[in-house]
1. Could you rank the peptides 86-97, 15-26 by their average count of other C-beta atoms within 10 Å per residue, with the highest value first?
2. Hey, what number do you get for the chain at 222 nm if only DSSP H runs of n ≥ 4 count, each worth -39500 (n - 2.57), divided across all residues, to the nearest 500?
3. R0 = 25 Å: FRET efficiency of residue 48 with residue 93, Cβ-based, nearest 0.05?
4. Ordered by packing density, taken as the mean number of other Cβ atoms within 10 Å over each peptide's residues, highest first, how do 171-182, 34-45 rank?
5. Give me the percent of Cα-Cα pairs in segment 13-185 that sit more than 21 Å apart, rounded to a whole number.
6. By average Cβ neighbour count within 10 Å, what is the ranking of 144-157, 55-68 from highest down?
7. On alpha carbon coordinates alone, what is the Rg over Rh value for segment 1-111, Rh being the Kirkwood radius?
8. Over the chain, what is the relative contact order in percent, taking alpha-carbon pairs closer than 8 angstrom and at least six residues apart?
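Every read-out reported here was derived from the displayed coordinates using simple, explicitly stated rules and does not represent laboratory data. Worth saying up front: this structure is predicted, and the values here are computed from it rather than measured. Methodologically, a virtual Cβ is constructed for each residue, glycine included, from the backbone with ideal geometry; neighbour enumeration extends over all protein chains shown.
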């Protein structure tokens, strides 16, 4: 850790926090969409549309990183993630969650590919696999386990598993994602 570049350490922190927020929201997204009035087939369409949007854009993300630099696209991806959480937060019905889901998967694709570029550029060959696994174990492991616990407490204290009880989780994710934007913006 000590011999790695500052940009890599910042990226590990941001990725870990982003995963925390995703793990907070993820268990409740389908429940929330249905609570907003979606049918089972509408729920499937919402999820599919979001993933298709990201799948169509993903091949071009590397090209965009090469043209504009990883930081610019990283910040844009994080902005899309924040927009996603905002759209979930303000959704009056399930139809707006289509845009929220698409924004999430587009932002996730951009931020993950930018993150991988930072790792590739910052870590020496002898440290690359170890460095990437440190990032994954912190993000997917420790914070990934804490996220659902924190979200469950928020939902419980906000009225239970319904649209009103779940909505505050998206507020926490929005504020936290804006914080990760600030982390990348200032470094």
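1. Listed from highest to lowest mean packing, they are 15-26, 86-97.
2. Working: 7 runs with 153 residues, N = 187.
Value at 222 nm, helices only: -28500 deg cm²/dmol.
3. Details: r = 19 Å, r/R0 = 0.74.
Efficiency for this residue pair is about 0.85.
4. Numbers: 171-182: 18.3, 34-45: 14.3.
The most tightly packed comes first, giving 171-182, 34-45.
5. On the way: 7371 of 14878 pairs.
The share of Cα pairs beyond 21 Å in segment 13-185 comes to 50 percent.
6. Numbers: 144-157: 15.6, 55-68: 13.2.
Ranking, from highest mean packing down: 144-157, 55-68.
7. On the way: Rg = 15.6 Å, Rh = 15.0 Å.
Result for segment 1-111 is an Rg/Rh of 1.04.
8. On the way: 244 pairs, mean separation 72.5, N = 187.
Relative contact order for the chain comes out at 39 percent.
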